[in-house]
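Engineer: Take a look at the following structure, please.
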Amino acid sequence: MSKVLIINAHQYYPFSEGKLNATLVDVASSILIEKGHEVKTVTMTDSIDVEAQLALHQWADVVLLQSPINWMGVAFSFKRYMDEVYTAGMGGAMCNGDGRHQDDPKSGYGTGGTLKDTKYMMSLTFNAPEDSFNNSEEFFNGKSVDDLMFPMHMNFKFFGMTAMPTIACFDVMKNADIDTDLARFKAHISTHF
């Protein structure tokens, strides 16, 4: 069985307390433990020890990022986590610099990742309705969730990690269907682990 690091990237706001993200983390953890996987969880409210976080990323076979999408990206607290932890990881824990060499500095960018045996999955919560994606007449101009999350995919790719299918819950603030979202999420986790 695999070792799974779950990162709850939610940042508290009075209008968005993080209950759904916390529930999804708990559900994933329960399913994974029941299936025999070893699970460790980090939240953005934890005291972050950079070396300990790097060790967790090296330990993990899979990193499951559970995140709300705020302003078309992950929350500030997780951006800070990335700046502190992922930048420190460039010394070899997550990558050896950017992969380029002095003898050929124009090629090889993004190939220095040291987590080549690690997979990642993004589980995302959106205020946006599902119909706003993959539809050229709607806000995202026909783009998918994974298109929107291209920068996060590239961050993980920079470390040599391989993507697992993304899952998203939509319209969670104005038209939530939590029972359906939880059923889809449980099926997604059970299918891919």
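Engineer: Specify the residue that is farthest from Lys19 (Cα to Cα); the eligible residues are those in the range 65-96 that are among the hydrophobic types (A, V, I, L, M, F, W, C), open to solvent by less than 10 Å² (accessible area, probe 1.4 Å) and part of a helix (DSSP H, G or I).
Structural biologist: Val85
Engineer: Would you call Met161 hydrophobic (A, V, I, L, M, F, W, C) and under 19 Å from Ala93 (Cα atoms)? Step through it out loud before you land on a result.
Structural biologist: On the way: hydrophobic (A, V, I, L, M, F, W, C): yes; under 19 Å from Ala93 (Cα atoms): yes.
Yes: the conditions hold for Met161.
Engineer: Which of the residues that make up the range 140-177 are assigned to a helix (DSSP H, G or I), touching a residue at least 24 places away in the same chain (Cβ under 8 Å) and open to solvent by 50 Å² or more (accessible area, probe 1.4 Å)?
Structural biologist: Pro151, Met154, Asn155, Lys157
Engineer: Among the numbered criteria (1) at pLDDT 95 or above; (2) surrounded by 14 or more Cβ atoms within 10 Å (Cβ to Cβ), which single criterion is violated by Asp117?
Structural biologist: Tallying (1) at pLDDT 95 or above; (2) surrounded by 14 or more Cβ atoms within 10 Å (Cβ to Cβ), Asp117 fails exactly one: (2).
Engineer: Would you please name the residue that is farthest from Gln58 (Cα to Cα), looking only at residues in the range 183-193 that are part of a helix (DSSP H, G or I) and open to solvent by 30 Å² or more (accessible area, probe 1.4 Å)? Please lay out each step first, then the result.
Structural biologist: First, pick out the residues of the range 183-193 that are part of a helix (DSSP H, G or I): 183-192.
Then keep just the ones that are open to solvent by 30 Å² or more (accessible area, probe 1.4 Å); that gives 183-184, 186-187, 190-192.
Working: Ala183: 31, Arg184: 29, Lys186: 26, Ala187: 27, Ser190: 24, Thr191: 24, His192: 21 Å.
Per the stated criteria, the residue is Ala183.
Engineer: On to the next question. Could you figure out which of (1) more than 12 Å from Ile7 (Cβ to Cβ); (2) touching a residue at least 40 places away in the same chain (Cβ under 8 Å) isn't true of Glu51?
Structural biologist: Result: Glu51 fails condition (2) only.
Engineer: What about Met94, is it over 17 Å from the mean Cα position of the chain (by Cα) and of a type in the set (A, V, I, L, M, F, W, C)?
Structural biologist: Judged against the criteria, Met94 is not a match.
Engineer: What do you reckon, is Ala128 touching a helix residue (DSSP H, G or I) at 6+ places or on another chain (Cβ under 8 Å), buried (at least 16 other Cβ atoms within 10 Å of the Cβ) and in a loop (DSSP other than H, G, I, E, B)? Explain how you work it out, then say what you get.
Structural biologist: On the way: touching a helix residue (DSSP H, G or I) at 6+ places or on another chain (Cβ under 8 Å): no; buried (at least 16 other Cβ atoms within 10 Å of the Cβ): yes; in a loop (DSSP other than H, G, I, E, B): yes.
Spelling it out, it is not the case that Ala128 is touching a helix residue (DSSP H, G or I) at 6+ places or on another chain (Cβ under 8 Å), buried (at least 16 other Cβ atoms within 10 Å of the Cβ) and in a loop (DSSP other than H, G, I, E, B).
The values are calculated or read from the model by the stated rules, or taken from the named source; none is laboratory data. No experiment lies behind these values; they were computed from the predicted model shown. Please note: Cβ atoms are built from the backbone with ideal geometry, for glycine as well, and neighbour counts cover all protein chains shown. To get the accessible areas, we keep the full protein, side chains included, count just its heavy atoms, and leave off ligands, DNA and RNA. Shrake-Rupley method; radii C 1.70, N 1.55, O 1.52, S 1.80 Å.
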